[in-house]
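Visitor: Mind having a look at this structure? Questions to follow.
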Amino acid sequence: MPIVKELISYLACSLASRPDEVRVGESSGDRGLTLELTVADEDLNQLIGKQGRTAKAMRSLLAAASVRSGRRYFLKIVPASGDKTEEPAGAAGLPDDEPEGPVDQELSESEQP
């Protein structure tokens, strides 16, 4: 197992409440090597962290390893169930031509300031 894959596995197992369900797979592509970190559903938030800080830190370590080895590494964190993450609130069901915010309308006389 490459040292980078071992590092991600070690970090994920240390953070996860169910380390036996942590899996690190790899796939090679045009741009570099993608490490796919699969964790139990309840550990997903722990590994991503507040505002993605934990995931960003792991990706920073991969960036440093990329410089040292001369090969690009990418990290993809997925739940064990394979579910896709939910769409942001308000994004589902809106046609592309409709605005998301309030529509400018003429105010009636009673609503004018």
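Visitor: For segment 3-79, what proportion of DSSP beta bridges, expressed in % and rounded to the nearest 5, is antiparallel?
Guide: Counting DSSP beta bridges with both partners in segment 3-79, the antiparallel share is about 45 percent.
Visitor: Check each of the trypsin sites (Lys or Arg not before Pro) in segment 11-68 and keep only those in coil by DSSP with at most 14 other C-beta atoms within 10 angstrom; list them in order.
Guide: Values: sites: 23, 31, 50, 53, 56, 59, 68; in loops: 31.
Qualifying residues, ordered by number: 31.
Visitor: To continue, here is another question. Using DSSP to call loops (not H, G, I, E or B), can you name the GluC sites (Glu not before Pro) in segment 1-86 whose Cβ has at most 11 other Cβ atoms within 10 angstrom? Could you put the intermediate results ahead of the total?
Guide: On the way: sites: 6, 21, 26, 36, 42, 86; in loops: 86.
Those that pass, being in a loop and sparsely packed, are 86.
Visitor: Starting from 0.36 nm per residue, how many nanometres of slack lie between residue 28 and residue 78 once their C-alpha separation is accounted for?
Guide: Contour length minus the Cα-Cα distance gives 16.3 nm.
Visitor: With Kirkwood's inverse mean 1/r over C-alpha pairs for Rh, give me the Rg to Rh ratio of segment 3-79, two decimals please. Show your work: numbers first, answer last.
Guide: Working: Rg = 11.9 Å, Rh = 12.5 Å.
Taking Rh as the inverse mean 1/r over Cα pairs, Rg/Rh reads 0.95.
Visitor: On to the next question. Treating only the Cβ atoms of Lys and Arg (+1) and Asp and Glu (-1) as charged, compute the dipole magnitude of segment 3-79 about its Cα centre; round to the nearest 20 debye. Please list the in-between numbers first.
Guide: Numbers: 12 positive and 9 negative charges, 103 e Å.
I would put it at about 500 debye.
Visitor: Pop the C-beta distance of residue 18 and residue 66 into the FRET formula with R0 = 22 Å and round what comes out to the nearest 0.05.
Guide: On the way: r = 29 Å, r/R0 = 1.32.
Computed FRET efficiency for residue 18 and residue 66 comes out at 0.15.
Visitor: Once the dipole of segment 3-79 is set up with Lys and Arg at +1 and Asp and Glu at -1 on Cβ about the Cα centre, which of 69, 33, 57 lies farthest towards its positive end?
Guide: The one lying farthest along the dipole's positive direction is 69.
Every read-out reported here was derived from the displayed coordinates using simple, explicitly stated rules and does not represent laboratory data. Predicted model only: the values in this text are computed from it and were never measured. No Cβ is skipped: glycine too gets one built from the backbone with ideal geometry, and neighbour counts run over all protein chains shown.
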